[in-house]
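Asks: One structure, as structure tokens, below. Some questions next.
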Amino acid sequence: MNAQTIPAADKAPPGKNMKTVAKTWKGRWNAPLAGYLFIAPWLLGFLILQLWPIIQSFYLSFTEFSLLEPARWIGLKNYQDISQDRLFFNSLKVTFLYVITSVPLKLLAALLVAMLLNRNIRGISFYRTIIYLPSLIGGSLAVAVLWRNIFGLNGFINQLAIMVGIAPKNWIGTPSTALGTLVLLTAWQFGSSMIIFLAGLKQVPGELYEAASVDGATPFRKFVRITLPMLSPVILFNLIMGIINAFQMFTSAFVVTNGGPVNSTEMFALFLYNKAFGSLQMGYASALAWILLVIIGIATAINFIASKYWVFYETETEGRK
Amino acid sequence: MTGVLKKQNWLVHILMIVFCFVMFYPVLWWIGASFKSTAEISLPSLFPKVWLWQNYTEGWNALPKYTFTRFFMNSLKLNVATTVLHVISASLVAFGFARLTFPLKGLWFSILMMTLMLPGQVTLIPQYTMFHSFDWINTYLPLIVPSAMGGAFFIFLIVQFIRGIPRELDESAKIDGCTWFGIYLRIVMPLTLPALITVMIFSFIWGWDDYFGPLIYLNTVDKYTVPLALRMFIDSQSAVPWGQLLAVSLLSVLPPVVIFFLAQKHFVEGIATSGLKG
């Protein structure tokens, strides 16, 4: 491929030289075999570990399958059963509640702190590290253990409550507050989103603010008219990934509350896990997984459609340096 | 003007210090509680009157048969393997997507981006039955082998980074007769070091924290990773020795924290320059 293009460029008449050279440069990057060799690890993994399992799980969702015996076709029965399963609707409600509280809370905290830190002050790397620390450890089982203790009956939160004169309460053992402790645990880990916002803020050209100052814009107006639009692609990215992750939340629900009390924290992923590996209803769980896929797909699509109205793309920054 | 700015900065410092204190308080409490007796944990002081260092040694040896040395070594072996595979594969695949042109490239890249949104639950059961039929249950293979595909997020992160490296460098190497692999190995790969370090940190931390994978694929205690062992610690005693449990838990989050501090400079650079702009 390359052996052919190089002599061709040499033979080209001087007048056409520029154009041909440009063309061959483009041609140089064209390497079908090398390209496929480089992406082979991902492509093979995708076909074997993702595409094939996706097709299979769609098939399994129409079967009764316990892992011990071969799958038996039962048509739409799993989906019919799900539509009458009170626990399914409960887990859906709990998950939605968790998503619409934890994601905005996390993003808001991340944005506010990123705005505060986006200036030349000393000690910024210290603040950044402290704020990032919870994201660093927050996904671990250890922190779930910590949370269970902090919000437990004799935990730190109740000690605080007693000090300010509020009656202590079993935060994790009460259905109305258990989910709130998990939302707080998620919001506590806003540091990773904050770092991404901070990187985004650094790319907003300073001239825009200067021009706005000359025109006498208030800080609030600058925020609404400059910062938010310039940051909106990053907000969209954080929003979409935050929602997708929140829909799949498992570890803290499993360890801090284990779905209880009275199923008030039975997240969708936990419900699915219990069906699949608790009662070995693999077909039923596959149907649940497909419902989750559709829900996440719809949520993402809504985000993308809505983004047309609020996300601002600077056409010049298309080919970012 | 500068006076106003200075005043503002002081306000920011005060706000940030208060804020950081609130954020960090649970960790402070955690450190204090890890030295307390169970009775003292429920008292409202931050640090214990008597420091029980033995919480650490007793917690470390609390489980029958194996000490936490075993579980830390298991976690370490597993995560070094997955991290190395992630970094190598993601970097190769990213070079292919960022620099080479080949048929259907656009389609494959869109699919790669779409898999970022794919919930793991959809592939979970067929993957489990597949690994079951390979006789891989209760081995580390189901946890290690998938990382050889590089991971969509990691590939995306490095692609973004490579796009920021001027092509002139590879072009001159191409004229000098360098092969694609040579360009990758000698020119592009060394320049992506901050992105590779970012991938390394993320892969190690997420792998270290991963609870779900080991939970479904490992069944015997000798193969347990640290999170599974911690969970067993909670379940094994009817009255949980909280001081000991919190002590070992605290040790269990140290490896990610240490790695983060060692590589912090590159990490922030890797995130900032790859932009993560979607």
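The values are calculated or read from the model by the stated rules, or taken from the named source; none is laboratory data. Every value quoted in this text rests on a predicted model; they were computed, and no experiment measured them. Every residue, glycine among them, receives a Cβ derived from its backbone with ideal geometry; neighbour counts consider all protein chains shown. These area figures cover heavy atoms from the full protein model, side chains too; ligands, DNA and RNA do not enter into them. Shrake-Rupley method; radii C 1.70, N 1.55, O 1.52, S 1.80 Å.
Asks: Could you list, in their original order, any pairs among A:Lys222/A:Lys308; A:Lys93/A:Lys308; A:Lys106/A:Lys222; A:Lys93/B:Lys36 whose Cα atoms are separated by more than 31 Å?
Replies: A:Lys93/B:Lys36
Asks: What is the calculated FRET efficiency for B:Thr101 to A:Ala306, with r their C-beta to C-beta distance and R₀ = 35 Å, to the nearest 0.05?
Replies: Working: r = 34 Å, r/R0 = 0.97.
Rounded to the nearest 0.05, the efficiency is 0.55.
Asks: Over the stretch B:62-274, with a single point scatterer placed on each C-alpha, what log10 of the ratio I(q)/I(0) does the Debye formula yield at q = 0.12 1/Å?
Replies: Cα-only, vacuum Debye calculation for the stretch B:62-274: -0.74.
Asks: Could you give the dipole magnitude of chain B about its Cα centre, charging the beta-carbon of Lys and Arg +1 and that of Asp and Glu -1, in debye to the nearest 20?
Replies: Charge dipole, chain B, about its Cα centre: 460 debye, nearest 20.
Asks: Also, I was wondering about something else. Mind checking the mean number of beta-carbon atoms from other chains within 10 Å of the Cβ atoms in A:52-58?
Replies: Average per residue, whole number: 5.
Asks: From the phi of every residue in the stretch B:23-38, what ³J(HN,Hα) in whole Hz does the Karplus formula 6.51 cos²θ - 1.76 cosθ + 1.60 yield, where θ is phi - 60° and glycine or proline is x?
Replies: Once θ is set to phi - 60°, the couplings for the stretch B:23-38 become 4, 8, 4, x, 5, 4, 4, 4, 4, x, 5, 5, 9, 9, 7, 4 Hz.
Asks: Percent of Cα-Cα pairs per 10 Å bin, from 0 to the last occupied bin, for the protein assembly as shown, please list those.
Replies: 3, 14, 24, 26, 19, 10, 3, 1, 0, 0
Asks: Can I ask one more? Quote the charge dipole size of the protein assembly as shown about the Cα centre in Debye, to the nearest 20; the model charges only the Cβ of Lys and Arg (+1) and of Asp and Glu (-1). Walk me through the numbers before you get to the answer.
Replies: Working: 41 positive and 24 negative charges, 248 e Å.
Roughly 1180 debye, rounded to the nearest 20.
Asks: Using only the Cα atoms, work out Rg/Rh for chain A, with Rh taken as the Kirkwood radius, to two decimals.
Replies: 1.09
Asks: Give me the distance in nm between label points sitting 7 Å out from Cα along the Cα-to-Cβ direction at A:Ile55 and A:Gln80, one decimal.
Replies: 2.9
Asks: If you don't mind, another one. Quick query: amide H of A:Glu64 versus all other amide H atoms, modeled in the peptide plane; which residues come in under 5 Å with a sequence gap of 5 or more or a different chain?
Replies: Hits under the 5 Å cutoff: A:Arg72, A:Trp73, A:Ile74.
Asks: So, one more: When ligands, DNA and RNA are left out and all protein chains stay put, how many square angstrom of accessible area per residue does the protein assembly as shown have with a 1.4 Å probe?
Replies: 47
Asks: What trypsin sites (Lys or Arg not before Pro) in the stretch A:121-216 are in a loop by DSSP, with at most 12 other Cβ atoms within 10 Å of the Cβ?
Replies: Values: sites: A:Arg122, A:Arg128, A:Arg148, A:Lys169, A:Lys202; in loops: A:Arg122, A:Lys169.
Answer by residue number: A:Arg122.
Asks: Taking the Cα centre of the stretch A:85-308 as the origin, how large is its charge dipole in debye, to the nearest 20, when only Lys and Arg (+1) and Asp and Glu (-1) carry charge on their Cβ atoms?
Replies: In debye, rounded to 20, the stretch A:85-308 gives about 200.
Asks: Mind checking the angle between helix B:226-236 and chain B's longest principal axis? C-alpha axes, 0 to 90 degrees, to the nearest 10.
Replies: In chain B, helix B:226-236 runs at an angle near 30 degrees to the longest axis.
Asks: Another question about this same structure. Counting partner chain Cβ atoms within 10 Å of every residue's Cβ in A:195-201, what's the average?
Replies: That works out to 4 on average.
Asks: Of the options A:Ala161, A:Val113, A:Phe58, report the single residue whose Cα projects farthest towards the positive end of the charge dipole of chain A (beta-carbon charges: Lys, Arg +1; Asp, Glu -1).
Replies: Sorting the options by dipole projection puts first A:Val113.
Asks: Counting only protein heavy atoms and rolling a 1.4 Å probe, how much accessible area do A and B lose on contact, total for both sides, in Å² to 100?
Replies: Details: alone 20540 and 16620 Å², together 28220 Å².
For chain A against chain B, roughly 8900 Å² becomes buried.
Asks: Let me ask you something else. When the Cα centres of the stretch B:4-80 and the stretch B:166-210 are compared, how far apart do they sit, in Å?
Replies: Comparing the Cα centres of the stretch B:4-80 and the stretch B:166-210, I get a distance of 37 Å.
Asks: Taking springs between alpha-carbon atoms closer than 10 angstrom, which of A:Pro41, A:Pro53, A:Pro168 fluctuates most in the Gaussian network model of chain A?
Replies: A:Pro41
Asks: Using only alpha carbons, build the gyration tensor for the stretch A:136-233 and give me the equivalent ellipsoid semi-axes, biggest first, whole Å.
Replies: Details: eigenvalues 350, 60, 22 Å².
For the stretch A:136-233, the ellipsoid semi-axes come out as 42, 17, 10 Å.
Asks: Report, as an integer, the average count of C-beta atoms from other chains found within 10 Å of each Cβ along B:161-170.
Replies: Values: counts 0, 0, 3, 2, 0, 1, 3, 0, 0, 2.
Mean partner shielding for this stretch: 1.
Asks: Sticking with this structure for a sec: For chain A, build the charge dipole from Cβ charges (+1 Lys, Arg; -1 Asp, Glu) around the Cα centre, then report which of A:Val204, A:Val294, A:Val311 sits farthest towards its positive end.
Replies: Checking the options against the dipole of chain A, the answer is A:Val204.
Asks: Can I ask one more? Sorting check: for A:58-65, A:138-145, which peptide has the highest mean count of neighbouring beta carbons within 10 Å, and how do the rest follow?
Replies: A:138-145, A:58-65
Asks: Then there's this: What 222 nm value per residue comes from the helices of chain B, counting each DSSP H run with n ≥ 4 as -39,500 (n - 2.57) and dividing by all residues, nearest 500 deg cm²/dmol?
Replies: Helix-only estimate at 222 nm: -22000 deg cm²/dmol.
Asks: Considering Cα pairs under 8 angstrom that are at least six residues apart, work out the relative contact order of the stretch B:8-55 and quote it in whole percent.
Replies: Values: 25 pairs, mean separation 15.0, N = 48.
For the stretch B:8-55, the relative contact order is 31 percent.
Asks: If you scale each eigenvalue of the Cα gyration tensor by 5 and take the root, what three semi-axes come out for the stretch B:62-157, rounded to whole angstrom and sorted largest first?
Replies: For the stretch B:62-157, the semi-axes come out at 32, 17, 11 Å.
Asks: May I have the convex hull volume per residue, in Å³, for the Cα set of the stretch B:8-55? If you can, show how the numbers build up before the last one.
Replies: Numbers: hull volume 3.7 nm³, N = 48.
Hull volume normalised by residue count: 78 Å³.
Asks: Now for a different question. May I ask you to give the percent of accessible area on the stretch A:118-264 that is carbon plus sulfur, with a probe radius of 1.4 Å?
Replies: So the carbon and sulfur contribution to the accessible surface is 62 percent.
Asks: Report, by chain and number, residues whose modeled amide H sits under 5 Å from the one on A:Asn30, excluding near sequence neighbours (fewer than 5 apart, same chain).
Replies: Amide H neighbours of A:Asn30: B:Thr101.
Asks: Would you work out which of B:Ile234, B:Asn9, B:Phe131 lies farthest towards the positive end of the dipole of the protein assembly as shown, given +1 charges on the beta-carbon of Lys and Arg and -1 on that of Asp and Glu, about the Cα centre?
Replies: Sorting the options by dipole projection puts first B:Asn9.
Asks: Kindly state, to the nearest 0.05, the FRET efficiency for B:Asp176 paired with A:Ala167, given R0 = 60 Å and r defined as their beta-carbon distance.
Replies: Plugging the Cβ-Cβ distance into 1/(1 + (r/R0)^6) gives 0.20.
Asks: Enumerate the calculated ³J(HN,Hα) couplings along the stretch A:209-216 in order (Karplus 6.51 cos²θ - 1.76 cosθ + 1.60, θ = phi - 60°), each rounded to whole Hz, writing x wherever the residue is Gly or Pro.
Replies: 5, 4, 4, 5, 5, 4, 6, x
Asks: Got a sec to turn the phi values of the stretch A:52-61 into Karplus ³J(HN,Hα) couplings, 6.51 cos²θ - 1.76 cosθ + 1.60 with θ = phi - 60°, whole Hz, x for Gly and Pro?
Replies: 4, x, 4, 4, 4, 5, 5, 5, 4, 5
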